[in-house]
Amino acid sequence: MVADRVRQLWQAAQAAWPRVTWPLGAYQTHLGETTPTHPSDLYVAGAAGHRINPAWSAIDEAYRDMVIRRLQRSPRADLDPEDLWSEAVTRMMRDDPENGTNEDGEPVMHIARYRGLTRLPWHFLAAARTIAIDRHRRRERGPRQVSAEAAAEVARGDDPATVSGQRELADVLAAAVIKAFETLEARHQFLLAAIYRDGLGKADAGQVAGLSPWQTSRELRKAEEQLRLHVQHAVPGQWSPETRAAWDRGWRQCWDELTPRDPEDGPLSEPAT
Amino acid sequence: MNSATPVDTDTITTAVREAMRRHEGDSWDDVNPEAIVVLAQGRGHELPPQERVHLLKRIASDPDLGTLLRDLQQDLADSIAAPRFVPGRLVMQAAWVACLIGLVTISAIRLGGGPSDRSVEVLDSSSGAPEYLEQLGNPTGAPVTSLIGDPVFVGLFLLAVVLGVGSFWPRRETRP
């Protein structure tokens, strides 16, 4: 017996998408035990995923322009927004055998993974942006040469012994930082990367990690401190006052290069202590 | 290894950046667009904890995913709920002003010197009309002293100091 709640959701979804017919039982199975934030969008996406063609045309009609308008702001790819929309639709139409088959025994399409947590057009928007950035990075960037870059940054010096010592220490330090970063908890990793690598504002980064502004400040400081301590312990005997000062300046440099400011401006903050 | 060798800033910067781009260029097949949107909208708590942790780690180690997240935040700026946080300083400043008003009010009452403070209404037995006996009973001495002894005044004063410091102390930008 179908619960009243599911029937109500199904009826509301049918009203929202009158041209899409999908049986209540199938919708209930697709819905599972959860109540999504956007049950009507889940209905049309589920129907599309089960290869009901009117669902695809309804999605195209309802959401195409909405997504394209947002993509026009910054396509960030060699494709124009309309092509990106088409690519996103194509991606959603991929077979997804892990999700089972429809009534005709055909594999369900990838769009069936949509869970109704956000509006369906934003799901397509994210897919289109993913395609755009992926194409951009493949086109612009060759294979990464990490170690070469790290080696190139090794401190300069005329004395071969000094150069060798610095290179050795730099390698040890680089490995220690990478290892230390990986030991941090996820939200600490995210905060450091979002702020010092991507230049996201603290409030925005905190919001993504589910933190209030004051919690963000606290957790960011904690993350910096934990990372430093891990590295410090990984290179015992090497953590001189000069290295410590360089550590503080290194983080500041990461941030300063993300945010060009008036050279007459004072420092953003005092070094972490 | 030469223990006297200092590390320069560029080396640290490179090491830090390297740590934050460990999975740059990896396939995004396992990245769910919907989950990224939910994160970008600041609703990550709606994701299963395991998925959320995995996604945060992926973003932390892949700058392109960071770019994706930022792009989506900009795309959806009009659909992302306004920050749910009331600016802390504004609230503290409002409370500080309320404390000041309270202090002024209490001071005015205590120091104002109305008839009720220092005189007592009595009934004149001969005429039957009310009269006032001035300066009858004022054991506390100076009015300022009485203010200092007033727990309400002292409490409000201390609160005003704390709120004032919290509200107007120059904000030091944590890095960044």
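The table below lists the values:
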read-out	value
Condition check for A:R69: closer than 27 Å to A:R137 by Cα and modelled with pLDDT under 95	yes
Residues that are facing chain B (nearest Cβ under 7 Å) and among the polar types (S, T, N, Q), drawn from region A:176-197	A:Q189
Cβ pairs under 6 Å, 6+ apart, first in region A:119-131 and surrounded by 24 or more Cβ atoms within 10 Å (Cβ to Cβ), second among the basic types (K, R) and assigned to a helix (DSSP H, G or I)	A:L125/A:R70; A:A127/A:R91
Breaking point among (1) more than 22 Å from B:L65 (Cα to Cα); (2) polar (S, T, N, Q); (3) in contact (Cβ under 8 Å) with a residue 12 or more places away in the chain; (4) part of a helix (DSSP H, G or I), for A:Q189	(1)
Pick from region A:170-186, criterion more than 21 Å from the chain's Cα centre (by Cα) and surrounded by fewer than 18 Cβ atoms within 10 Å (Cβ to Cβ), ranking: nearest to B:R70 (Cα to Cα)	A:K179
Qualifying residue in region A:31-39 (condition: over 27 Å from the mean Cα position of the chain (by Cα), crowded, with 19+ Cβ neighbours inside 10 Å and part of a helix (DSSP H, G or I))	no
Search result, residues across region B:43-60 that are at the interface with chain A (Cβ under 7 Å from one of its Cβ atoms) and buried (at least 21 other Cβ atoms within 10 Å of the Cβ)	B:G44, B:L56, B:I59, B:A60
Residues of region A:83-114 that turn out to be in contact with a Pro (Cβ under 6 Å, 6 or more places away or on another chain) and more than 27 Å from B:G25 (Cα to Cα), as a count	2
Given (1) over 27 Å from A:G250 (Cβ atoms); (2) in a loop (DSSP other than H, G, I, E, B); (3) within 7 Å of chain A (Cβ to nearest Cβ), index of the condition B:V38 fails	(2)
Residue match in region A:238-252 (condition: assigned by TED's automatic domain parsing to the domain that holds A:A176 and under 30 Å from B:P49 (Cβ atoms))	yes
Matching option when the condition is of a type in the set (S, T, Y) and within 19 Å of B:D75 (Cβ to Cβ), among A:Y63, A:Y27, A:Y43	A:Y63
Test for A:A175: is it at pLDDT below 90 and under 15 Å from A:L229 (Cα atoms)	yes
Of all residues making up region B:41-80, the number that are part of a helix (DSSP H, G or I) and either more than 22 Å from A:L184 (Cα to Cα) or free of Cβ contacts under 8 Å to residues at least 24 places away in the same chain (or both)	21
Residue in region B:131-139 that is outside any helix (DSSP H, G or I), at pLDDT below 60, of a type outside the set (D, E, K, R) and in contact with a Lys or Arg (Cβ under 7 Å, 6 or more places away or on another chain) present	yes
Those residues of region A:198-235 which are more than 7 Å from chain B (Cβ to nearest Cβ), in a loop (DSSP other than H, G, I, E, B) and closer than 13 Å to B:R70 by Cα, in sequence order	A:G199, A:G201
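The values are calculated or read from the model by the stated rules, or taken from the named source; none is laboratory data. Computed from a predicted structure; not experimentally measured. Using ideal geometry, Cβ is built from the backbone for each residue, glycine included, and neighbour counts are taken over all protein chains shown.
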